[in-house]
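Input: a single structure, listed below in structure tokens.
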Amino acid sequence: MDKHGILEMTTMRYEADRPAAANPIKIQDLSFRDGHQSLFATRGRTEDLVRLAESMDQVGYYSMEVWGGATFDTMHRFLGEDPWDRIRTLKKYIKNTPFSMLLRGQNLVGYQNYADDVVESFTQRACDNGIDIFRVFDALNDFRNFTTAVKVIQKNKKHFQGAICYSLTEQRMGGDVYNIDYYVQKAKQLEDMGADSICIKDMAGLIAPYDAYNLIQALKANVKAPIHLHTHFTSGMGDLSLFKAIEAGVDIIDTCMGPYAYRTSHPGVEPLVISLLGTNRDTGMDIKLLNKIGKEMEKDIPKYLQFADTTKYSIIDTDVIIHQTPGGMLSNLVNQLRQMDELDKLEDVFAEIPKVRKDLGQIPLVTPTSQIVGIQSVNNALFDTKDGEYSRITEQVKDLCYGLYGKTTLPIDQELQKRALKGYPKGETPITVRPGDVIPPAMAEVAKETEGLAKDIDEQLIVAIYNVTGKKFLRIKHGLDPMPKEMKATTLEEIKEMNDIIAKAKAGKLVEKPEAPAKPEDAREFDVFIDGSYFKVEVAEKGGAPRIVSARPAPSAAVAPAAPKAPVAPVAPVAAASPAPAASPVPAAPAAAIAGGESVTAPMPGMLVKYEKQVGDKVARGETVLVLEAMKMYNNIPSPVDGTVVSTPFSTGANVNKGDVLATIKAD
């Protein structure tokens with residue numbers, strides 16, 4: 001009765017400073033990274049994290065995951081923040097708790113394998129900027145993709161945590177592929193590589209409680225390194241699985257603070273703290289301090305609710321056992337379909353995911369493979385006219401079929417592989433060597449390409465990993481382009497105003513503003529001063545309506561005209577092959593089609609990566625005209641006819657909406 005696995009009941013103590021347990025469970029907090037990535041599409045801003053940093057440092061966490069994963073991408077692309085600054089800023093406030101990051105092996109924090117020199121430079125700079133623990137994983141569990149990064153981690157005497165991506169082919173662990181022996185053998189490989197700890201990384205909340213118990217017991221019996229369990233709550237089993245893992249002897253677990261927990265995120269820390277009181281695995285944490293921090297976190301949540309999945313009321317998703325989509329991927333998938341006005345196709349996409357995954361070698365679903373499978377499933381659901389057609393194969397699926405991501409768990413469907421590699425520029429025969437071996441060095445070219453734009457190696461690395469959006473960000477950061485409105489932080493005051501308008505609309509109190517009458521020719525101008533503000537008002541003849549045409553704070557005294565702004569110093573020219581992009585055009589409306597031409601429209605919202613054909617070029621029906629990025633994946637957009645390109649109205653890096661005319665082809 002008093003013993004459950006290795007967990008034993010002890011004297012119940014409630015004090016915040018109670019004696020330490022004999023074998024306390026160690027806890028890593030994920031609120032600052034995977035919590036908001038899973039729930040709010042990684043939109044958490046540094047300013048909101050800083051408010052909580054010092055309090056979080058007092059909790060007594062084993063470590064805090066604060067970086068990596070999708071943060072690097074989202075910060076520079078959507079938030080206008082330098083991702084490197086987040087580590088340095090948080091280090092000023094969190095002085096006692098080690099920093100952890102999620103590193104995607106040779107993928108780093110991107111969605112493709114990068115050159116060895118990029119991996120070496122990035123990993124070194126992460127060490128230099130303050131990361132202490134590196135959780136390194138590969139989406140295919142191909143540990144050849146670890147080797148370059150691990151050498152740098154170990155050289156810097158940092159903690160190398162080797163992660164195994166947890167996956168299933170059935171509803172429970174077992175079968176011919178993802179069984180206990182598979183994970184034990186993978187763990188032994190990591191221990192041979194010198195892993196300081198080993199993590200079972202369950203990205204979608206698939207691990208069932210008794211499977212967790214049996215797996216942890218097997219790992220503890222076969223390897224000496226500490227075992228860390230990472231699981232999401234998506235399926236509703238997260239808390240239960242953590243408990244059984246604790247009973248089985250797991251050393252470390254991952255949780256989030258309550259406001260950033262549950263749904264597609266992770267189990268909350270607070271219930272575990274209370275439940276483990278009076279046991280030999282007591283966390284030693286103060287529930288009152290956690291409660292105080294949670295209430296502070298709640299204050300910022302309204303700013304992020306626009307990114308939450310509101311398609312259903314339930315906080316669990318039992319479909320995940322079938323479609324196995326990780327939390328962060330799920331929130332991004334919903335967000336993408338919402339932007340496309342295709343949210344009603346979500347179930348069709350879920351139906352495609354297991355089919356696409358099987359065709360691509362029954363691969364685990366974790367970044368970037370979850371994005372690869374996810375966007376291909378979207379393409380199939382939206383554009384295919386028959387099952388298994390694969391009418392629009394993404395560039396990343398082609399790369400996977402070629403071997404640029406590594407070795408898949410099972411062989412890729414031969415028919416799909418052959419179709420994907422037809423005309424593939426690197427060759428139609430897949431490679432079998434380590435992907436990094438066939439990728440040429442890149443940092444020297446990046447340094448040349450960003451000369452005059454990137455100020456240091458950290459900024460060069462942003463461009464090395466995200467070439468188009470990285471340059472756009474640096475131009476904004478250095479004042480060469482204005483920051484777009486959508487990049488700027490939404491304040492709580494703005495959220496309140498928005499909610500007030502919605503409340504008035506629901507109450508029927510929102511009246512549509514009438515259109516202003518035509519301006520009379522005899523309108524007179526008046527200067528009006530009210531409470532320190534100045535208004536310029538035009539008034540027509542008697543009975544006419546006053547119209548405010550401009551307003552600004554009233555000057556306290558006469559002010560001399562401001563001197564003209566000094567011109568910004570020109571940026572040194574960059575390499576002609578890849579010039580730094582100009583400010584992205586933001587058309588007031590989609591570009592109009594040219595009369596007599598066939599329009600090539602955006603099938604989904606995204607970013608224009610490049611035009612493969614320019615004005616005047618001949619193009620064949622089905623040939624790629626341009627490349628559009630959506631959900632971080634590249635989509636080749638084909639020509640609908642044989643003809644000549646007569647219009648390419650957007651610039652590289654431009655954000656486009658569904659239906660925008662991206663090119664016009666004059667048919668032969």
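The values are calculated or read from the model by the stated rules, or taken from the named source; none is laboratory data. Please read these numbers as outputs of a predicted model, since none were measured by experiment. Positions of Cβ are generated from backbone atoms using ideal geometry, with glycine treated the same way; all protein chains shown enter the neighbour counts. Accessible surface areas use protein heavy atoms only, side chains included; no ligands, DNA or RNA. Shrake-Rupley method; radii C 1.70, N 1.55, O 1.52, S 1.80 Å.
Specify which of the listed residues (PRO364, PRO441, PRO435) is farther than 23 Å from THR325 by Cα, in contact with a Leu (Cβ under 8 Å, 6 or more places away or on another chain) and not basic (Lys, Arg).
The match here is PRO435.
Quick check: anything in region 196-203 modelled with pLDDT under 95 and within 30 Å of GLY374 (Cα to Cα)?
Checked against the condition, which is being modelled with pLDDT under 95 and within 30 Å of GLY374 (Cα to Cα), region 196-203 yields at least one hit.
Taking LYS288 as meeting all but one of (1) over 31 Å from the mean Cα position of the chain (by Cα); (2) farther than 27 Å from LEU219 by Cα; (3) part of a loop (DSSP other than H, G, I, E, B), write down the number of the exception.
(3)
Taking region 412-425 as the search range and keeping residues that are out of contact with any Phe, Trp or Tyr (no Cβ under 7 Å at 6 or more places or on another chain) and not in a loop (DSSP other than H, G, I, E, B), which one is least open to solvent (accessible area, probe 1.4 Å)?
ALA420
Kindly list, by first and then second residue, each pair from a residue in region 613-627 that is free of Cβ contacts under 8 Å to residues at least 40 places away in the same chain to a residue that is open to solvent by 70 Å² or more (accessible area, probe 1.4 Å), limited to pairs with Cβ atoms under 7 Å and residues at least 6 apart or on different chains.
ALA620/ASP642; ARG621/ASP642; THR624/GLU612; LEU626/LYS610; LEU626/GLU612
Which of the residues spanning region 159-176 are under 29 Å from the mean Cα position of the chain (by Cα) and open to solvent by less than 50 Å² (accessible area, probe 1.4 Å)?
Listed by number, the residues that qualify are HIS159, PHE160, GLN161, GLY162, ALA163, ILE164, CYS165, TYR166, SER167, LEU168, MET173.
Determine, yes or no, whether PHE243 is at pLDDT 95 or above, assigned to a loop (DSSP other than H, G, I, E, B), in contact with a Pro (Cβ under 8 Å, 6 or more places away or on another chain) and of a type outside the set (Val, Ile, Thr). First the steps, then the outcome.
Values: at pLDDT 95 or above: yes; assigned to a loop (DSSP other than H, G, I, E, B): no; in contact with a Pro (Cβ under 8 Å, 6 or more places away or on another chain): yes; of a type outside the set (Val, Ile, Thr): yes.
The answer is no for PHE243.
Quickly run through region 597-637 and pick out the residues that are under 17 Å from PRO649 (Cα atoms) and among the small types (Gly, Ala, Ser).
Residues satisfying the conditions are GLY597, SER599, ALA602, GLY606, GLY616.
Take the residues of region 200-223 that are of a type in the set (D, E, K, R) and in a helix (DSSP H, G or I): which is surrounded by the fewest Cβ atoms within 10 Å (Cβ to Cβ)? Steps first, please.
Looking only at region 200-223, we keep the residues that are of a type in the set (D, E, K, R), and these are 201-202, 211, 220.
Keeping just the survivors that are in a helix (DSSP H, G or I) gives 211, 220.
Details: ASP211: 21, LYS220: 17.
Per the criteria, the residue is LYS220.
In region 476-518, which residue that is at pLDDT below 75 and either closer than 25 Å to ARG45 by Cα or of a type outside the set (A, V, I, L, M, F, W, C) (or both) is least open to solvent (accessible area, probe 1.4 Å)?
PRO517
Hey, which of the helices (runs of 4 or more DSSP H) in region 309-411, taking only ones fully inside, have at least 2 residues that are surrounded by fewer than 18 Cβ atoms within 10 Å (Cβ to Cβ) and in contact with a Ser or Thr (Cβ under 9 Å, 6 or more places away or on another chain)?
Result: 346-359.
If you check GLU296 against the conditions, is it open to solvent by 10 Å² or more (accessible area, probe 1.4 Å), over 21 Å from THR42 (Cβ atoms), out of contact with any Gly (no Cβ under 6 Å at 6 or more places or on another chain) and in contact (Cβ under 8 Å) with a residue 24 or more places away in the chain?
The answer is no for GLU296.
Could you check, for region 324-345, whether at least one of its residues is in contact with a helix residue (DSSP H, G or I) (Cβ under 7 Å, 6 or more places away or on another chain) and without any contact (Cβ under 8 Å) to a residue 24 or more places away in the chain?
No, region 324-345 has no match at all.
Can you tell me how many residues within region 395-417 are among the small types (Gly, Ala, Ser) and either touching a His at 6+ places or on another chain (Cβ under 6 Å) or in contact (Cβ under 8 Å) with a residue 40 or more places away in the chain (or both)?
Going through region 395-417 one residue at a time, the tally reaches 1.
Pick from PRO435, PRO430: which is within 27 Å of VAL366 (Cα to Cα) and open to solvent by 20 Å² or more (accessible area, probe 1.4 Å)?
Every option except PRO430 fails the conditions.
If you take just the helices (runs of 4 or more DSSP H) that sit entirely in region 19-100, which of them hold at least 1 residues that are among the hydroxyl-bearing types (Ser, Thr, Tyr), surrounded by fewer than 21 Cβ atoms within 10 Å (Cβ to Cβ) and modelled with pLDDT under 95?
Here the list is empty.
Return the residue satisfying two criteria in turn: it lies in region 143-173 and is polar (S, T, N, Q) and not in a helix (DSSP H, G or I), and of such residues it is nearest to PHE122 (Cα to Cα).
Only one residue fits best here, namely ASN156.
Listed residues LEU474, LEU461; which is touching a Phe, Trp or Tyr at 6+ places or on another chain (Cβ under 6 Å) and in a helix (DSSP H, G or I)?
Matching residue, one of LEU474, LEU461: LEU461.
Looking at (1) open to solvent by less than 10 Å² (accessible area, probe 1.4 Å); (2) under 21 Å from the mean Cα position of the chain (by Cα); (3) closer than 17 Å to PRO368 by Cα; (4) at pLDDT 95 or above, find the lone condition where ALA126 falls short.
All conditions are met except number (3).
Please specify each residue of region 268-283 satisfying the condition of being crowded, with 19+ Cβ neighbours inside 10 Å and either touching a Cys at 6+ places or on another chain (Cβ under 6 Å) or small (Gly, Ala, Ser) (or both).
Passing the criteria: only GLY268.
Looking at region 129-138, can you tell me whether even one residue there is open to solvent by 30 Å² or more (accessible area, probe 1.4 Å) and farther than 21 Å from GLU65 by Cβ?
Among the residues of region 129-138, not one is open to solvent by 30 Å² or more (accessible area, probe 1.4 Å) and farther than 21 Å from GLU65 by Cβ, which makes the answer no.
Would you be able to tell me the number of residues in region 299-308 that are open to solvent by 60 Å² or more (accessible area, probe 1.4 Å) and over 16 Å from ASP48 (Cα atoms)?
Number satisfying all stated conditions: 1.
Out of curiosity, is GLN112 on the phi < 0 side of the Ramachandran plot and in a helix (DSSP H, G or I)?
no
Can you work out which of the residues in region 624-635 that are in contact with a strand residue (DSSP E or B) (Cβ under 6 Å, 6 or more places away or on another chain) and open to solvent by 30 Å² or more (accessible area, probe 1.4 Å) is modelled with the highest pLDDT? I'd like the intermediate steps shown before the answer.
Taking region 624-635 as the starting set, the residues that turn out to be in contact with a strand residue (DSSP E or B) (Cβ under 6 Å, 6 or more places away or on another chain) are 624-630, 634-635.
Still in the list and also open to solvent by 30 Å² or more (accessible area, probe 1.4 Å): 624, 634.
Details: THR624: 92, TYR634: 86.
Here the residue is THR624.
Here is a yes/no grid of residues against (1) farther than 26 Å from LEU229 by Cα; (2) free of Cβ contacts under 8 Å to residues at least 24 places away in the same chain; (3) in contact with a Phe, Trp or Tyr (Cβ under 8 Å, 6 or more places away or on another chain):
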{"position": "PRO24", "(1), (2), (3)": "no, no, no"}
{"position": "PHE40", "(1), (2), (3)": "no, no, yes"}
{"position": "GLU65", "(1), (2), (3)": "no, no, yes"}
{"position": "PHE78", "(1), (2), (3)": "yes, no, no"}
{"position": "ILE87", "(1), (2), (3)": "no, no, yes"}
{"position": "LYS91", "(1), (2), (3)": "no, no, yes"}
{"position": "LYS95", "(1), (2), (3)": "no, no, no"}
{"position": "ARG104", "(1), (2), (3)": "no, no, yes"}
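Being modelled with pLDDT of 90 or more, farther than 11 Å from SER599 by Cα, surrounded by fewer than 22 Cβ atoms within 10 Å (Cβ to Cβ) and of a type in the set (S, T, N, Q) narrows it down to one of THR648, THR644, so name that one. Before the answer, list the steps.
Details: THR648 fails: farther than 11 Å from SER599 by Cα.
Every option except THR644 fails the conditions.
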